[in-house]
Structures are given as C-alpha cells and as structure tokens.
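To start, the structure under review is shown below, and the notes come after it.
Readers should treat all values here as calculations from the given coordinates under stated rules, not as data from a laboratory. Keep in mind the model is a prediction, meaning the values are calculated, not measured. Don't worry about glycine lacking a Cβ; one is built from the backbone with ideal geometry, like all the others, and counts go over all protein chains shown.
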Amino acid sequence: MAKSRTQKIFWTAFWEDNPIFRQVLGICSTLAVTNLIVNTVVMDLGLIFVLVMSNVTVSLLRNLTPRRIRMMVQVLIIAAYVIIVDLVLKAYLPDISKALGAYVGLIITNCIIMGRAEAFASANKVYPSLIDGLASGLGYSVLLLAIAVPREILGFGTILRGTPWAVQLLPESTTKWVIMVMAPGAFFMLALAIWIARGWAGGAGEKDKGTG
Amino acid sequence: MVELNPFVIMFAAVFTNNILLTNYLGMCPFLSVSREVKASWGLGFAVILVMTATTTLNWLVYTYILVPTGLDHFWYIIFIIVIAAFVQLTEIIIEKTSPVLYVNLGIFLPLITVNCAILGASLFMIIRGYGLWQSTAFGFGAGVGWAMAIVAMAGIRQKIARSNVPPALAGPGIALIIAGFMALAFVGFSGMIQVQ
C-alpha cells in the first residue's frame, strides 16, 4: 500500500504534472543552459539537489512556519541551498561554474522549486515531499536533456563537448547550425519538445497553472 | 575592460542583449500574462520601475556593505531580500498615494518578486562588473527591453487567438515559437554593438 502511494506521487510529479511540458514552469534556465549537454547535466544535478533539500526542509518546518510569511521563509530556505550548490561548483568545477554564470543563482527564482514547496511540501510529510522533489527534478532533467542533445549535435556536431568523453558525431565538414546554439534555437526546440510530449501524452491543450 | 558609456549599455540592454530574448529571463510571466496587451503594459511598467530601482539598490548594497564585510557569497539571499522588500514597500506607497495607479499596477507587483529577470539583472550587473551609473542604465534598459518584448508578444497573441493552432501546440507551445521568431529578429540587432 505504502509503496503504491509512493509510486503514485512519483509518477504524478514526474510525468502527469511534468514541470516543463505540463505546467511550463522554470523554463528560464531550461533555455539558457541547454546548448551543451555537460552544462545541462550539472544544472540538473544542482536543481535536483536544491529541489529535494528544500522540499524536505519546508516540509519539516511546515508546522512551525507562520502562514503569512511562508513565501519569504521558503525563498530563504531555497537561497541557502543554492549558495551551497554555487560554492561547490566554484570549488570543484570552476569552468562550468563560469559557463553557467548567473543561471546557478537563478535557480532561486526557478518557479518549479517555489511551486513544489508551496503546492506540495508545505502540506505534506517529509517522505512524500522527498519523493515529490526527486520526481519533479527528474522530470525536469529528462526534458532538459531531450532539448540539449539535439541542440549540441546540430549546433556543434559533438556529444559531451567539454568533457574527456567528447565524441565528434557529425564530420567536421558538416555545416553547423549556428542558430541552434543561439537564442532562437532554444525557443524552437522547447516548443517542439512541448508539442511532441503533449501530443504523445494526450489530453492536449491549455492547462494553466503557471503564475510566477 | 573599457569603461562603457551608460547610454551604450542601456541601448544594448534594450536591443542587442534583450534580457528576455537572448538571456531567456522572465519567461514564466512572459508566457502567462502575454494574452492581453493591456495587462502586458501594466506588468511591463512595473518591471521597468522595479528593475531600475533594484539594480541600483543592489549595487550599493553589494559594493558598500557586502564586499567590505566579506559577506559577498551571501549575495543571492541579500539580493532577494532587497527585491522583496522594495516590492513590498512600493506596493504600500502606491496604495496610499495613488489609488488609480494601484488599481492598474498593484496586482502585478507581487508577481514581480518571483520574476527571474529582476534577480537576473542584478546578478548580471555584478558579474559584468558595472559601476553605479552603468548599473542603473542597465537595469532601466533591461526593463524597457522586457516590457517591449511582452507588449509585442501580447499583440501577436491576440491576433493568433483567432487562428487554428494544432491542439497540442496551443498556449505555451505557439507562444514559444513566436518568441523564437522574435529572438531571430533581435539577433539582427546584434551587429550594432557588442556589450558583454
């Protein structure tokens, strides 16, 4: 019984309410970091860490937080974890930290984290909140990678560029789709991803939840 | 780094480095509010006001308080607090002094605290090492650029509302494709000035 409830929470957060293609939340960083797979993976890991930890913390403090100032408390909790991620990245992965730049800090205002803290963690126990955070984070990461992989292949002709495992996938002589690395490519790829995912999952059309 | 004229920075922030279309910031309200031109104007003005003021305030706080005391790695928390406090204060002042403005602008102010473009502008100005006037100009320019993009988008979406969009693409999907075309158009500006 307990297991099926866990699975249900996981599936809802991972797919049925997928942060990106269902709720269209948190896409600022989606678009900015998806031109290289390695940046995307680092961003995903940071985001999952912050999402899980902030969900757990918000859930632990849910009975102690006065309702009127709970948004402020949540923002401060999230900001504290983002600072941890930022310092760790600066210390161990300075190059990627530089490439991600301001976008690590912008995890704070990533609407997914606030959204999950407000909608789920502030009203649920610690363990379900942990599962919810993990599932939302994974759902977000999968879509981000689905956008990053074609962008990098078409834009640079490589996979995992900037890591020791880089593979030149398209021959050097191929014309690179410069537009894929630039801003418009990101918008088109995300629109395409939303289109495919919504068409495939059925229940297409408007489902408005996003505000911030 | 060459000292850039604040006006150059402002111009670049509006056109060549539009915070929405090249840095992807403030997408959430961009997609959810840009259904009506009127609401977009309201939100646009609120963003210009808050962004100009918070970049200036955050620059002062960062330079004169955080750096001398060695607390500069807490900048995320401090910036968020400054932004939230400023938004709250503005809301109270507008409510007391100008009821008309409050009706038009008031409902958009709370949305702004979680607008990533506001925090983003403050972070960019520190990372790029701007001075005080440069920061103010950058904040104002970025706000104008954002407002311009959302109003243009709302205009296009009002026309699109009557056309036949594939169901799975309706709403955010088609908005993103439009944003893509707008971004393409803005790429055309990038030859004019390069500011990083």
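A few comments on the model shown:
- B:Ile156-A:Glu118 FRET efficiency (beta carbon distance; Förster radius 45 Å; 0.05 resolution): 0.90
- Segment A:170-202-segment B:134-185 distance, computed between alpha-carbon centres (Å): 18
- Shielding of peptide B:59-72 by partners, expressed as the average count of other chain Cβ atoms within 10 Å per residue Cβ, is 0.
- Using the Cβ-Cβ distance between A:Ile196 and A:Glu16 with R0 set to 22 Å, the FRET efficiency works out to roughly 0.85.
- Label-zone membership for segment B:65-83, site A:Leu76, 7 angstrom Cα→C-beta point, backbone N under 19 Å: B:66, B:71-83
- Cα-based Rg / Dmax (Å) for the protein assembly as shown: 20.6, 66
- Only Lys, Arg (+1) and Asp, Glu (-1) charged, at Cβ; the protein assembly as shown dipole about Cα centre in debye: 860
- Cα Rg, Dmax (largest Cα-Cα span) when computed across segment A:2-201, Å: 17.7, 62
- Sites B:Val67 and A:Ser4 - FRET efficiency at Förster radius 45 Å, r taken between beta-carbons, to 0.05: 0.25
- In Å, descending, principal axis extents of the Cα set of chain B: 59, 45, 27
- Where the alpha-carbon atoms of segment B:1-103 are placed on the principal axes, they occupy 44, 36, 25 Å, in descending order.
- Chain B: DSSP helices with Cα axial extent of at least 20 Å and average Kyte-Doolittle hydropathy no lower than -0.5: B:37-61, B:75-97, B:132-160, B:172-187
- Label-to-label distance, nm, for residues given as B:Ile92 and B:Ser163 (7 Å Cα→Cβ offset): 4.8
- Average other protein chain Cβ within 10 Å of Cβ, residues B:26-39: 4
- Cα-based helix-to-principal-axis angle, A:70-92 vs chain A, degrees rounded to 10: 40
- At full extension, A:Thr175 and A:Leu60 could sit 36.1 nm farther apart than now, given 0.36 nm per residue minus the alpha carbon distance.
- Angle in degrees between helix A:37-60 and the longest Cα principal axis of chain A, rounded to the nearest 10: 0
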